[in-house]
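K.L.:
Below is a structure I'd like to ask you about.
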């Protein structure tokens, strides 16, 4: 399909030939259409169609507001449509972009084209909706293609809107505006732009009332006073007599948006120019759900990271609210479809829903939740009207079904807590706008909808820190139904002092609370609300660290004591948001409550990407796997009584006691007598990637011996100076030694890297003979046997690592206190131990057979792992599985569930033995 041919047909306005002859659509099936709008009569001609989806052509390009009016009239007669406005110079292609999952509004999207220009995007869109001659395509299929191709326009439109807001903010900032007043002004402007473009003013002949005011009734010198007068009029039902008539004509808005404390600063000519330019943009095409990411561009990256803010996409919001409540409500609607009594009960229950987002940011969760609930309510009301029509006749249904006063889902049923004024203001504004869009959709279906001006019902956003706020003061637990949100992403090491203090206060009495991430505070506070009202359900988006390492035991020890259970969970997935500066994190979603209903829903991802795969299970563990409600915490000794694992040696020297290969060669060329003091040195990176590195090991070496070598003496003295200026100055008394010596190079040892790539099925481990030094980037088991190596290299141990170990981004973090010390080794008899040792030797031999410069990184990468090594591991895995359970395991989840049960049993046995010993004393 030639792109030039397609664009030539577009430019010559040969739309019938384009769609029918080249794209495979059907011939027109409708007569010309005449519509009446504000500026008069307009005619449209259908040029093509496909199973009810029709393409309409309007000769000429009216104003954008008139285009939208025309499309609305066409849409009343033809729901699925594409309307093309075109003259010999320009074109405007408009189509409805339906919100996902039955959303309440159908946003009109616009693609504008200048005749004669290249337009790769339009070509791509046209090719996407081409239908092959023998293709059996349904309307739903074509609509899905069209949505996928054309909705991209809305994303670029959102980016354009973000740039407009950022430009306005920059102008205010350069004029000396503070953030409070700049925030409030932009929020007001956003509301006014949206009101212009979404028909909120209902002003006869002047739908773009605010834009007309800016252009016709303001000047660069009077803009500040003019806007002040407008804001005064919008905030008072009884207008002051001295206000200009042009602002008195605006509808009374009310609401905190226009009456809160505000100081108007200086406004430049450039600001007025940008303000009018922004008014030319069609703000009605922007979903309020993307306002958060749109306004994110105004703030700096460092500000967002400091607060741990990461704005959530609609996809991730729907992954959260659908299993939390929307799926259940939709199922109830489906079951109640023909039962008037059940429909009424469901409608009443919708009116009892209260939603709290205690970290609401720009309100994305509240916006989407409100939109979806309003859409569900609208579907229910339409069904009730159908039943009335069926039972009592058309006339009764039309006369009696005014539902504008009977809406149960209300803005003031939605509550938020936000620490910063900027996003809180955007949240309030966006909620008002999504309500307006929902009412527009209702008007399309019923002919009637609530008129929200003046604003008397509004969402309730509390300004303050969620961890320092009593949530009952925002919404009483007795009234609350759902808690949902995306709390800040701050780890235990990245929290500010104030955040640490808040978390300590919330986690007062929680053992090992110092290991918790900031988000744990939200888990604990939500559980306390649910303890007051067990019918509340909660779902939070979090970094996956809350389901790994030491945190699950700390958090869930408290939540289990409060009677909580995980009802659904999304396992680790890669974070993606609508910001161009998206956070590099991996997330989970955890839905929990006091309700222990089964089955539970578990969503998994292929390598953390793509669409989730859902399975149902009886219970979900704190690690978000199918398994018992049990977690392992830090443990100081190996639960099976195996050899102790320790950290490698910590230098604390700023590199002075460490040497590269070239530095070692230089030192030895100058002082050959230094050779006994230089030993191979291995951290995780050096070990896995085959990097040669060395260290000065002066333990037991007389000072006179190393002082006689100038380069060594210089390095030791530099280490002394560094340590004297550190938090541990006492270490300066032994500057020639590592700060922490846990492994001495006098005995064989097994080395285990603390960090290993997710691309490896196995964490590489290896034996080292005396004369080698391990760094604290590794863990060490001195005197480990081949049997130990076999069990630690097995698949069941790797599944344990992947589940209970921590992560660095997505890489595995091996921990001695959580992973190794809690790993229950199988009981191994002498004969089985010999067999394991043999299988371990086969693994080591397979490695050695490829030892021609191949690193462990290459040997263990899933893409390059040699078949012989893979097979050797597979044989080992099979035998180790058999030692745990004769019938083996079907999956990693089964292995981990078995290990958790063994751990629980072993821990109970050890606890019982300690208690018996205590009683015997």
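Each reported figure results from applying straightforward, stated rules to the coordinates on display, with no laboratory input. From a predicted model like this one, the values you see are computed outputs, not experimental measurements. Cβ sites come from the backbone with ideal geometry, for glycine too, and all protein chains shown count toward neighbours.
K.L.:
Using only the alpha-carbon atoms of the stretch 765-841, report the extent along each of the three principal axes, biggest first, to the nearest angstrom.
P.N.:
41, 33, 18
K.L.:
Oh, and also: Taking other Cβ within 10 Å of each residue's Cβ, how do 15, 738 sort, fewest first?
P.N.:
Ranked by crowding around the Cβ, least crowded first: 15, 738.
K.L.:
Here are a few candidate values for volume of the Cα convex hull per residue in Å³: (1) 189; (2) 208; (3) 247. Which one was actually calculated from the structure I just gave you?
P.N.:
(3)
K.L.:
Okay, next question. Cα gyration tensor of the stretch 789-893, axes a ≥ b ≥ c as square roots of the eigenvalues: rounded (a/c below 1.5), prolate (a/b > b/c) or oblate?
P.N.:
Because a/c hits 1.5 or more and a/b fails to exceed b/c, the stretch 789-893 counts as oblate.
K.L.:
By count of other Cβ within 10 Å, fewest leading, how are 137, 900 ordered?
P.N.:
By the 10 Å Cβ count, ascending, the order reads 137, 900.
K.L.:
Using the alpha-carbon centroid of each, what span in Å lies between the stretch 18-48 and the stretch 623-701?
P.N.:
Taking the Cα centre of each part, the stretch 18-48 and the stretch 623-701 sit 75 Å apart.
K.L.:
Given Cα pairs under 8 Å that are at least 6 residues apart, what percent is the relative contact order of the stretch 307-617?
P.N.:
Over the stretch 307-617, the number comes to 18 percent.
K.L.:
A further question on this structure: Do the sum for the chain: with -39,500 (n - 2.57) for every DSSP H run of n ≥ 4, divided by all residues, what is the mean residue ellipticity at 222 nm, to the nearest 500 deg cm²/dmol?
P.N.:
Mean residue ellipticity, 222 nm, calculated: -13500 deg cm²/dmol.
K.L.:
If you average the alpha carbon positions of the stretch 74-97 and of the stretch 849-869, how far apart do those two centres end up, in angstrom?
P.N.:
59 Å
K.L.:
P(r) for the stretch 307-617: what percent of alpha-carbon pairs falls in each 10 Å bin, starting at zero?
P.N.:
In order of increasing distance, the bins hold 6, 26, 34, 22, 10, 3, 1 percent.
K.L.:
According to the square roots a ≥ b ≥ c of the eigenvalues of the Cα gyration tensor, what is the shape class of the stretch 3-150, taking rounded for a/c under 1.5, prolate for a/b larger than b/c otherwise, and oblate for the remainder?
P.N.:
Rounded is the answer for the stretch 3-150, as its axis ratio a/c remains below 1.5.
K.L.:
What is the pair-distance distribution P(r) of the stretch 157-286, computed from all Cα-Cα distances in 5 Å bins starting at 0, with each bin given as a whole percent?
P.N.:
2, 10, 21, 24, 23, 14, 4, 1, 0
K.L.:
Label the stretch 454-611 by shape, choosing from rounded, prolate and oblate, from the square roots a ≥ b ≥ c of the eigenvalues of the Cα gyration tensor; if a/c is under 1.5 it is rounded, and otherwise prolate applies when a/b is larger than b/c, oblate when it is not.
P.N.:
Verdict is rounded for the stretch 454-611.
K.L.:
Based only on other Cβ atoms within 10 Å, what is the fewest-to-most ordering of 81, 45?
P.N.:
Taking fewest neighbouring Cβ atoms as first place, the list is 45, 81.
K.L.:
While we're looking at this one, here's another question. In whole Å, what is the distance between the alpha-carbon centres of the stretch 708-734 and the stretch 468-541?
P.N.:
So the two Cα centres are separated by 45 Å.
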